[in-house]
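Encoded as structure tokens, the structure appears first; notes follow it.
Read-outs: derived from the displayed coordinates by stated rules, not from any lab. No experiment lies behind these values; they were computed from the predicted model shown.
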Amino acid sequence: PPGALRVKGVGSSAGMGRCVVPVPIHELLASSGPTSQELALTAAKPGVYFEENQVELSAAARSIVAAMATCIIDEEHSVRLEGHTSTGEPDAVAIKRAIAVRDVLLGLGVARVSLKAE
């Protein structure tokens, strides 16, 4: 959850072997942006949405990802990209969606080391 910490294993520069350091968890969420007419009729929040069983980003989703890219670059964040699916969609679609977003972010200048698709 945002504001929480995770533990990351690192090498010690003092020659004491491996150690762990706390790393803050940040969540990057869209707070505004275009939504489809269908989503506008629901309580869905702005975000990166896909058509059912699809992995290609719409123009609206690309504009949201572009704003996120600016934030990632400016703030030097590392980001874990998580793909999700709706009930009935194959699980494999989730990782393909995360990879699609990763590829767009890379194309927008985000460093590969800043991204991990899951």
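Computed extension gain for Asn53 through Glu76, at 0.36 nm per residue and net of the alpha carbon distance, reaches 5.1 nm. Close amide-amide hydrogen proximity is noted between Leu115 and Val79, each under 5 Å apart and 5 or more residues distant or on a separate chain (H modeled in the peptide plane; Pro and chain starts excluded).
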